[in-house]
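Every number in this text was worked out from the coordinates using simple rules, so none of it is lab data. On a predicted model such as this, the values are computed, not experimentally measured, just so you know. Here the Cβ positions follow ideal geometry from the backbone for every residue, glycine too, while neighbour counts run over all protein chains shown.
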Amino acid sequence: MCFNVLHVLLFSWADAQTQIQSIAASFDQEAAAILMARLAVYRAETEEGPDVLRWLDRQLIRLCQKFGDYHKDDPNSFRFSETFSLYPQFMFHLRRSPFLQVFNNSPDESTYYRHQFMRQDLTQSLIMVQPILYAYSFNGPPEPVLLDSSSILPDRILLMDTFFQIVIYHGETVSQWRKAGYQDMPEYENFRHLLQAPVDDAQELLHTRFPMPRYIDTEHGGSQESGAPILTDDVSLQVFMDHLKKLAVSSAA
């Protein structure tokens, strides 16, 4: 006797016209950001870089128009719910990432970065798109800070994790204290602990991550620190967001 087995797959379909609130409430902005990033990387293999960036920008503008709360032609009225609030900044950092910006990278390096990005899980992929920056100071335990030059303070140590690199940066005052050997004096034991904390955290990352990141320990005025400020076409996150809001609420869009 012969039996035929029929497998049926059922899934829920949310109509964008009638269930927009349900879709917005269930939006996973981290997963969506990595999905869009991988689509962009895939397109970058066959399309010109500027074309990929324009495609990415169009998708972001459409998302803002669809799920943002705003009045037409009034950028100041634009609001995003919490489920979407981080998504634009993921796109901001993706545009500047080595996956889409190949300047100063060899073809082999670009291929390596993209290969690693396509095979990592969500958490590691997010670190690649938007590196993590922690600040260490006497004011309390390590805390995440903005990925911006404004986070550099004289009495602060920064630990940046880009997945491919682990960078420890000592502010100007901390660097001077370290050169003076304060960490070796018994009365400055708290300073010794401050110096050691980011090193311990960096070592844990180096021992648990594969492939092992490049480890960089630098300081204000050190050889690994960038030189004088260079004017580029890059804009800050705030300028990017302001321009995005203008495009999203425009009647001509």
Open item on the list: Helix-only mean residue ellipticity at 222 nm, the chain, DSSP H runs n ≥ 4 weighted -39,500 (n - 2.57), per residue, nearest 500. What is it?
Closed with: -14000 deg cm²/dmol
Task: Only Lys, Arg (+1) and Asp, Glu (-1) charged, at Cβ; region 149-226 dipole about Cα centre in debye - done: 200
Open item on the list: Can you return the aspartates and glutamates within cross-link range of Lys246? Criterion is Cα-Cα under 19 Å, with same-chain partners fewer than 8 residues away left out.
Closed with: Asp57, Asp69, Asp73, Asp74, Asp234
Open item on the list: List the residues, sorted by chain then number, that are 5 or more residues from Ser77 or on another chain and whose placed amide H is less than 5 Å from its amide H.
Closed with: His71
Open item on the list: Could you derive backbone 3J(HN,Hα) for region 162-179 from the dihedral phi with the Karplus parameters 6.51, -1.76 and 1.60 (θ = phi - 60°), listing whole Hz in sequence and x where the residue is Gly or Pro?
Closed with: 9, 6, 7, 9, 10, 10, 10, 10, 9, x, 4, 5, 4, 4, 5, 5, 5, 5
Task: Order of Phe92, Phe103, Phe191 under a 10 Å beta carbon neighbour criterion, fewest first - done: Phe103, Phe191, Phe92
TODO: Would you be so kind as to identify which of Gly68, Phe164, Ser110 lies farthest towards the positive end of the dipole of the chain, taking Lys and Arg as +1 and Asp and Glu as -1 on Cβ and the Cα centre as origin?
DONE: Gly68
Task: Convex hull (Cα only) mean projected area of region 149-226, reported in nm² to one decimal - done: 5.4
Task: region 235-252-region 97-134 distance, computed between alpha-carbon centres (Å) - done: 26
Open item on the list: Rounded to the nearest 20 debye, what is the charge dipole size of the chain about its Cα centre when +1 sits on each Lys and Arg Cβ and -1 on each Asp and Glu Cβ?
Closed with: 760
TODO: Could you go through region 61-70 in sequence order and give the Karplus-derived ³J(HN,Hα) for each residue, using 6.51 cos²θ - 1.76 cosθ + 1.60 with θ = phi - 60°, rounded to whole Hz, and x for Gly and Pro?
DONE: 4, 5, 4, 4, 5, 7, 10, x, 10, 7
